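Enquirer: First the structure, then my questions, so here it is.
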Protein chains: 2
Amino acid sequence: MPSYTAPTKDMQFVLHDVLKVTEKSIPGYEDLEADFTSAILEEAGKLATSVLAPLNTVGDTEGCTLENGVVRTPTGFKAAFDQIREGGWPGLDMPEEYGGQNMPCVIGTAVGEMFSSSNMAFTMYHGLTHGAASAILAHGSQAQKETYLPNMVSCEWTGTMNLTEPHCGTDLGLMRTKAEPQADGSYRITGQKIFISAGEHDMSSNIIHLVLAKIPGGPEGIKGVSLFIVPKFLVKEDGTLGERNGVSVGKIEEKMGIHGNSTCVMNYDGATGYLLGEEHKGMRAMFTMMNEARLGVGMQGMSQAEAAYQNALEYAKDRLQGRDVTGVKNPDGPADPLIVHPDIRRSLMDQKSFVEGARAFMLWGATMIDAAHRSHDKDADGLVSLLTPVIKGFLTDQGYDMTIKAQQVYGGHGYIEEWGMSQFTRDARIAMIYEGANGVQALDLVGRKLAQDGGKHVMAFFDLVKTFIKDNAGQDAEYDRAFLEPLKAASKDLQAAGMYFMQNGMKNPNNALSGSYDFMHMFGHVCLGLMWAKMGKAARDALAAGASDTAFYETKLATGRYYMVRQLPATALHLSRIQSGADTVMALDAANF
Amino acid sequence: MPSYTAPTKDMQFVLHDVLKVTEKSIPGYEDLEADFTSAILEEAGKLATSVLAPLNTVGDTEGCTLENGVVRTPTGFKAAFDQIREGGWPGLDMPEEYGGQNMPCVIGTAVGEMFSSSNMAFTMYHGLTHGAASAILAHGSQAQKETYLPNMVSCEWTGTMNLTEPHCGTDLGLMRTKAEPQADGSYRITGQKIFISAGEHDMSSNIIHLVLAKIPGGPEGIKGVSLFIVPKFLVKEDGTLGERNGVSVGKIEEKMGIHGNSTCVMNYDGATGYLLGEEHKGMRAMFTMMNEARLGVGMQGMSQAEAAYQNALEYAKDRLQGRDVTGVKNPDGPADPLIVHPDIRRSLMDQKSFVEGARAFMLWGATMIDAAHRSHDKDADGLVSLLTPVIKGFLTDQGYDMTIKAQQVYGGHGYIEEWGMSQFTRDARIAMIYEGANGVQALDLVGRKLAQDGGKHVMAFFDLVKTFIKDNAGQDAEYDRAFLEPLKAASKDLQAAGMYFMQNGMKNPNNALSGSYDFMHMFGHVCLGLMWAKMGKAARDALAAGASDTAFYETKLATGRYYMVRQLPATALHLSRIQSGADTVMALDAANF
């Protein structure tokens, strides 16, 4: 069975050496001294390692079962959920007035990574509740907040998001679920929703469904969609639970992975719902949830890569097979460990350099969310909005690839379920699909985000890279060569791609859209390149300042050098594809495929 | 449930327009007129479509079960196996003297693709039998051939290959299974083998295991390994079945995919075995089987990509979601089909251009095998030996990626088992692992095959590309630009990589091995680039000759142009990685990971 070790040291490095969180003037960050964050991370890490990780295989093999409308979660999930709840983890970065601990998002993100690495299917139950609570927090009336948030922040009640219907996912304008206004101001919700994660389960006393539906007579398409709160049990005036609402689970889907999470078909049969936010403005409210979910899904990608990598690394150190061609390394054993072989190294370094870069990227993104929320920093808000599809699309694609590489290290054993490596890939696979399939992320990035606010945010990103290079060049020729020059080249490729879109997308938008996926990937590479340049600098600074743990910092530098040489140059290939435009992509008539 | 259509038209194009099989002076090829091959392919295609494909999901969901030492295959498998057997398909390319039809390998390959696309797990039962029979054919005594081959060629008996043990897979020198010589010339085989595909099942009256074991007192390591025939039921002098041998199934593995194939732990408990080939020369005999298996596995990669692509294409044409940004395409419907979207096109074109290129590559490879076997052409033999790891490694990696792309087209439905797209990915995943994990293929290519016979075969490959370009350049500027120039550039990259290995691998072999995986992929791209250049030329020639089916040939040209522009340039990225050498790959001490 796979094991999991909380990467708290690496997180501390990113928080304090790289991001220097306490030096940022964001409200709440002044408390984030290293001792303090260490205490939180260690505590969460213990829970992840000793409670959640052992349940990961259980969740995969048992799955969820539906009997007489009741969903049973895998053995041990309920007790673990109680522990998570008792520790106050679901409300870690929620407002104190609703029972949360008001921590910044950057801490919630680090903790979330560990929970997700150790048990992705389990962590979705409170992760989705967080998203639903955020939507109510942002768009709910005071009464709604008071009614729902305290129990959702504590996870006494969990939450869901209901978007997809059998015939529509990405194109929500085709939605059929309807919401009929009632005399008392509520709505009668009728329709079927599919792919509802945690739609029904046995770990909370109530489930608060956020449901997109159309009010009859409203505008056509996506502009006529509203968002509703539909509790499983109606909540009485005094806050206690009242009657069962007209919502039921139709079936649990048989999925490729995340078996521990109950993915439900939900039937709304004249269920009582309450409008959240404004009529026909459901997409806006939904996007509060969705943007948070997209970042969370990006993290799922990297978190599964981390978990898979840890196990592949252990296996590569343990499994004896073949001899080092440059000289025997384990003369007392029948063979050398796998890790001596260059091609195994290549795979492990791919994984390591991705995971550490992605972690820095996630935490850096979280500081921008904090700046946006806590300091009302509009630039940070714009930048993180630009980067959201990159985080979601790039980290889940790459994260998935890394789980495949980790599985490959195991050879035949990787294919046998008992060893657990298959689960990481099967669980990670969904992250490329849900909350907007990655092709949709690429479309969002190129079709919407690039031009947002007159292209201000993408320009800000380029400036940020340029400034970093300028500020740090010329002090250390080796660092310049190994880190700054590749970053500069990659950033130039990215700018050239943006330029190509501007020059060619006007006359034919397909010229831009045919390159959107490549653009998302090259953007992701430049972000990880920037992260590695920052981490490289932080490591160099620490060594220069006489840090005692030289092996740790030297390893960071070596890992960064690897990324810059072996991964970052992918931008050139992406650029060449982008610059080939739409001609070859769109050449065929559909009938001629 | 997914469906499957036999791509017979495309196969005919490769056989006749591209490879011009009847013009090759290979014994047996003179019979391969278009009408004749069409008749065979149509017949096999019908079987694949109507018998094997409907059982693919059944195999996945039911799997194989072990009860009291008896393995039960999924419902319908036995009847389908009878049908395959009655049609004489397992012996299609086996010698007539043992009941085969003596067809060339190129026909067996085309038929094999269809069987594998429609049901990979099922096809392994006779596929492995074919491999075992080939080993007996090549290395067995006359008596062994007469005893085993007729029933194996007909698949009345099936075969297996037993290599892996719990502690050793790639490094077979660590093997512990022993073979003790007996007075009657037989051996007593004792040990445990794992991952034995079709190790036990209910579809044949006997199972002929080919088992690697060490004769005590023989040379250490891999040089002391011998190969043995170990029948499940001993065969009496008169050819009837005698007593049950000391071999039994320990358990069936729970795998990620190919559930329809029983992957067994096999226990040999003093089982009677007969030496196949010479003592201690087991690896040589085993490689007859292994090389055939590696080509078959490469085909599995492309065959799953084909099957997945077919379904993704249908879904993309049917599923209505969103509108074409350049103008509504389906004004009478609520939305346009997915296929209008450029990013869906990109994905479909990636799949289509890979699958068709890979099919040509496989069939071209098969003509070389035929030339080697039927015309004793040593150059062909050397070239296909060089290309074997490329076919295995590149086609399975890329084939797998394509199944992932196909699954992605389905959005959320792709993750739900009911839709069947997950099975293609889960089945295809094993192809990257077994018969030598792809990292081992890369090692074989760079560490062994490149230098084989003084580098003669790789030079022959480069010559072949060069000659093709020279012979075809200057007739059509558009063809030169779209096909020959990209091929030339990619081939130059490949040569530069080879040069780098020569110059830097001597002083440190890790400089070569760190780039082996990238080299395998760039080699694969150049092969597919060559195939597309050949197919492009064939299509152009057909159009020039006034072929009536212009859409078919125009589509080939468009698909080829796509590959040349969007896929082939990956060689530059691979080259840049290769040229970075071992420094960053091997920088870390194992302890510092």
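The values are calculated or read from the model by the stated rules, or taken from the named source; none is laboratory data. Here the structure is a predicted model, which is why all the values come from computation and not from measurement. For neighbour counting, all protein chains shown are included, and Cβ atoms are generated from backbone atoms with ideal geometry for every residue, glycine included. Side chains included, ligands, DNA and RNA excluded: accessible areas come from the protein's heavy atoms. Shrake-Rupley method; radii C 1.70, N 1.55, O 1.52, S 1.80 Å.
Enquirer: Counting pairs of alpha carbon atoms under 8 Å apart in space and at least six apart in sequence, what relative contact order in percent does segment A:449-582 give?
Expert: 35
Enquirer: Give the carbon-plus-sulfur fraction of the accessible surface of segment B:158-280 in %, rounded to a whole number; probe 1.4 Å, heavy atoms of protein chains only.
Expert: 47
Enquirer: Heavy-atom accessible area of A:Arg244 with all protein chains present, probe 1.4 Å, nearest 10 Å²?
Expert: So the heavy atoms of A:Arg244 present about 100 Å² to solvent.
Enquirer: Now a separate question. Roughly how far apart, in whole Å, are the Cα centres of segment A:422-478 and segment B:351-409?
Expert: Comparing the Cα centres of segment A:422-478 and segment B:351-409, I get a distance of 36 Å.
Enquirer: From the square roots a ≥ b ≥ c of the eigenvalues of the alpha-carbon gyration tensor of segment A:118-203, which class results: rounded (a/c under 1.5), prolate (a/b over b/c), or oblate?
Expert: oblate
Enquirer: Helix B:142-153: angle to the longest alpha-carbon principal axis of chain B, degrees 0 to 90, nearest 10?
Expert: The angle comes out at about 50 degrees.
Enquirer: Give me a comma-separated list of calculated 3J(HN,Hα) values for segment B:459-470, in order, Karplus coefficients 6.51, -1.76, 1.60 applied at θ = phi - 60°, integers in Hz, x for any Gly or Pro.
Expert: Per-residue couplings from phi come out as 5, 4, 5, 4, 4, 4, 5, 4, 5, 4, 5, 4 Hz.
Enquirer: Another question, then. Based on DSSP, what percent of beta bridges with both residues in segment A:157-280 are antiparallel, to the nearest 5?
Expert: Antiparallel bridges make up about 80 percent of those DSSP assigns within segment A:157-280.
Enquirer: Further question: Note down the accessible area of B:Tyr410, probe 1.4 Å, to the nearest 10 Å².
Expert: Taking all protein chains as shown, B:Tyr410 has close to 20 Å².
Enquirer: Got a sec? Charge dipole of segment A:43-130, +1 on Cβ for Lys and Arg, -1 for Asp and Glu; which of A:Cys105, A:Ser116, A:Leu55 is way out at the positive end?
Expert: Final value for the positive-end residue is A:Leu55.
Enquirer: Per DSSP helix of 4 or more residues, -39500 (n - 2.57); summed, then divided by the residues of chain B. What does that give at 222 nm, rounded to the nearest 500?
Expert: Calculated mean residue ellipticity at 222 nm is -17000 deg cm²/dmol.
Enquirer: Okay, moving on. Work through the residues other than B:Thr396 whose Cβ is under 12 Å from its Cβ and net out their charges, Lys, Arg +1 and Asp, Glu -1.
Expert: Within the 12 Å Cβ shell, the charges total -1.
Enquirer: Follow-up. Leaving out same-chain residues fewer than 8 places away, which lysines sit with a Cα under 19 Å from that of A:Lys24?
Expert: Qualifying lysines at Cα under 19 Å: A:Lys378, A:Lys534, A:Lys537.
Enquirer: Turning to a different aspect of this structure: Compute the label-point distances linking A:Asp471 to its equivalents in the other copies; points lie 7 Å from Cα along Cα→Cβ; give nm, one decimal, shortest first.
Expert: List, nearest first: 6.1 nm.
Enquirer: Taking a 30 Å limit on the Cα-Cα distance, which of the listed pairs B:Lys9/B:Lys145; A:Lys329/B:Lys214; A:Lys405/B:Lys20; A:Lys492/B:Lys470; B:Lys20/B:Lys470; B:Lys9/B:Lys317 fall beyond it?
Expert: Violating the 30 Å Cα-Cα cut-off are B:Lys9/B:Lys145; A:Lys405/B:Lys20; A:Lys492/B:Lys470.
Enquirer: Here's another thing I want to ask about it. Checking the a/c ratio against 1.5 first, then a/b against b/c, what shape does the Cα gyration tensor give for segment B:158-280?
Expert: oblate
Enquirer: Oh, and also: Check A:Leu212: other-chain or 5+ apart residues with amide H under 5 Å from its amide H, H built from backbone geometry?
Expert: Distant-sequence amide H within range of A:Leu212: A:Asn162, A:Phe228.
Enquirer: Oh, and also: Under 18 Å Cα-Cα from B:Lys46, which aspartates and glutamates qualify once same-chain neighbours fewer than 8 residues away are excluded?
Expert: B:Asp10, B:Asp35, B:Asp82, B:Glu86, B:Glu113, B:Glu306
Enquirer: Ranked highest first by the average count of other Cβ atoms within 10 Å around their residues, in what order do A:127-137, B:40-50 fall?
Expert: A:127-137, B:40-50
Enquirer: Something else: Indicate the gyration tensor shape class of segment B:487-593 (rounded, prolate or oblate), computed on the Cα atoms with a ≥ b ≥ c the square roots of the eigenvalues: a/c under 1.5 is rounded; otherwise a/b larger than b/c is prolate and the rest oblate.
Expert: prolate
Enquirer: Provide the percentage of antiparallel DSSP beta bridges, counting only those with both residues in the protein assembly as shown; round to the nearest 5.
Expert: 85
Enquirer: Can you send over the carbon and sulfur percentage of the accessible area for segment B:473-524, probe radius 1.4 Å, protein chains only?
Expert: Accessible surface attributable to carbon and sulfur in segment B:473-524 totals 57 percent.
Enquirer: Which sequence of B:Thr75, B:Thr584 reflects their accessible areas, 1.4 Å probe, from the largest down?
Expert: The residues order as B:Thr75, B:Thr584, largest area first.
Enquirer: Rounded to the nearest 10 degrees, what's the angle between the helix A:77-86 long axis and the longest principal axis of chain A, both from Cα atoms, 0 to 90?
Expert: Orientation of helix A:77-86: about 90 degrees from the principal axis.
Enquirer: Something else: Can you work out the Karplus-derived ³J(HN,Hα) for every residue in segment A:169-186? Use 6.51 cos²θ - 1.76 cosθ + 1.60 with θ = phi - 60°, whole Hz, and x for glycine or proline.
Expert: Running phi through 6.51 cos²θ - 1.76 cosθ + 1.60 with θ = phi - 60° gives x, 5, 8, 6, x, 7, 3, 10, 4, 10, 10, 9, x, 10, 4, 7, x, 7 Hz.
Enquirer: Projected onto the charge dipole of the protein assembly as shown (+1 at Lys/Arg Cβ, -1 at Asp/Glu Cβ, origin at the Cα centre), which of A:Ile430, A:Gly447, B:Thr240 gives the Cα projection farthest towards the positive end?
Expert: The residue sitting most towards the positive pole is A:Gly447.
Enquirer: Further, regarding this structure: In degrees from 0 to 90, rounded to the nearest 10, what is the angle of the helix A:516-544 Cα long axis to the longest principal axis of chain A?
Expert: On a 0 to 90 degree scale, this one is about 60.
Enquirer: Output, in nm with one decimal and in ascending order, the distances from the A:Glu485 label point to the matching label points of the other copies (7 Å from Cα along Cα-to-Cβ).
Expert: 2.9
Enquirer: At a probe size of 1.4 Å, how large is the accessible area of B:Leu543, to the nearest 10 Å²?
Expert: Roll a 1.4 Å probe over it and B:Leu543 shows about 40 Å².
Enquirer: Take every DSSP beta bridge whose two residues both sit in chain A, then give the antiparallel share in percent to the nearest 5.
Expert: 85
Enquirer: Excluding A:Thr57 itself, calculate the net charge of residues whose Cβ lies under 10 Å from the Cβ of A:Thr57, where each Lys or Arg counts +1 and each Asp or Glu counts -1.
Expert: It works out to a net charge of -4.
Enquirer: Viscosity 1.002 mPa s, temperature 20 °C: what is the translational diffusion coefficient of chain B from Stokes-Einstein with a Kirkwood Rh over Cα pairs, rounded to a whole number of µm²/s?
Expert: Roughly 86 µm²/s, to the nearest whole number.
Enquirer: Using protein chains only (no ligands, no nucleic acids) and a 1.4 Å probe, work out which residues of segment A:574-588 have their accessible area cut by at least 10 Å² relative to the chain alone.
Expert: Correct list: A:Ser576, A:Arg577, A:Ser580, A:Thr584, A:Val585, A:Met586, A:Ala587, A:Leu588.
Enquirer: When ligands, DNA and RNA are left out and all protein chains stay put, how many square angstrom of accessible area per residue does the protein assembly as shown have with a 1.4 Å probe?
Expert: Heavy-atom SASA per residue in the protein assembly as shown reads 35 Å².
Enquirer: Which order do B:Lys317, B:Lys9 take when ranked by solvent-accessible area (1.4 Å probe, heavy atoms of all protein chains), largest first?
Expert: Largest accessible area first, the residues go B:Lys9, B:Lys317.
Enquirer: Here's something else I'd like to know. For chain B, give the magnitude of the charge dipole about the Cα centre (Cβ charges: +1 Lys/Arg, -1 Asp/Glu; no others), in debye to the nearest 20.
Expert: In debye, rounded to 20, chain B gives about 1380.
Enquirer: If you take the accessible area of A alone, add that of B alone, and subtract the area of the pair, what total do you get in Å², probe 1.4 Å, to the nearest 100?
Expert: The buried area between A and B, both sides summed, comes to about 7500 Å².
Enquirer: Quick one: check the C-alpha center-to-center distance for segment B:556-572 versus segment B:255-270, whole angstrom.
Expert: 40
Enquirer: Roughly how crowded by other chains is peptide A:443-452, in terms of the mean Cβ count from those chains within 10 Å of each of its Cβ atoms?
Expert: What the average comes to for A:443-452 is 1.
Enquirer: Shortest first and in nm to one decimal, what separations exist between B:Lys251 and its copies in the other chains, measuring from label points 7 Å along the Cα-to-beta-carbon line?
Expert: Result for B:Lys251, in nm, nearest copy first: 3.1.
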